[in-house]
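Q: Attaching a single structure in structure tokens format; questions to follow.
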Amino acid sequence: MDPMLFDKDQDYTREAEILKVLGHPIRLKIIAGLTSQSCNVKKIWECLGLPQATVSQHLALLKNKGIIAGRRDGVEVYYQVVSDRARQIVNCLFDMSGCKPD
């Protein structure tokens, strides 16, 4: 094994943080849905069938980790995936499982 693989501690930490955040089913569903289009909060919680407060907590965590960003349009906030790495991880996960995100 190449010892140089272990010299990138910061990269491993960043990747592990993304995996931890994506490790929750609700957050994984949110990212899977947002990989193809931006969406407002109301539509996200309606599609998930969850209370707005629950969805907002998950969105806040994803936003704080730099995985999504919000764009205000009047009174609505539209979210989109801004982390290419998170998008790649989710796409890879669904490619390996043989299914595509909804």
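Q: Considering (1) at pLDDT below 95; (2) under 18 Å from VAL82 (Cβ atoms), say which one LYS42 fails and leave the rest.
A: LYS42 satisfies every listed condition except (2).
Q: Residues being over 14 Å from TYR79 (Cα atoms) and touching a Leu at 6+ places or on another chain (Cβ under 9 Å): count how many of those fall in the range 17-66.
A: 6
Q: Sort out which residues of the range 75-88 are open to solvent by less than 40 Å² (accessible area, probe 1.4 Å) and within 15 Å of GLY33 (Cα to Cα), and write them in order of number.
A: Taking the range 75-88 and keeping what is open to solvent by less than 40 Å² (accessible area, probe 1.4 Å), we get 77, 79, 81, 83, 86.
Selection gives TYR79, VAL81, SER83, ALA86.
Q: When only residues in the range 1-29 that are crowded, with 16+ Cβ neighbours inside 10 Å and under 15 Å from ASP84 (Cα atoms) count, which is modelled with the lowest pLDDT?
A: Among residues in the range 1-29 that are crowded, with 16+ Cβ neighbours inside 10 Å and under 15 Å from ASP84 (Cα atoms), the one modelled with the lowest pLDDT is ILE18.
Q: Could you go through the range 64-74 and let me know if any residue there is in a helix (DSSP H, G or I), β-branched (Val, Ile, Thr), under 24 Å from LEU93 (Cα atoms) and in contact (Cβ under 8 Å) with a residue 24 or more places away in the chain.
A: Pass one, the range 64-74, residues in a helix (DSSP H, G or I): 64.
Still in the list and also β-branched (Val, Ile, Thr): none.
No, the range 64-74 has no match at all.
The values are calculated or read from the model by the stated rules, or taken from the named source; none is laboratory data. Computed from a predicted model, the values in this text were never measured in an experiment. Please note: Cβ atoms are built from the backbone with ideal geometry, for glycine as well, and neighbour counts cover all protein chains shown. These area figures cover heavy atoms from the full protein model, side chains too; ligands, DNA and RNA do not enter into them. Shrake-Rupley method; radii C 1.70, N 1.55, O 1.52, S 1.80 Å.
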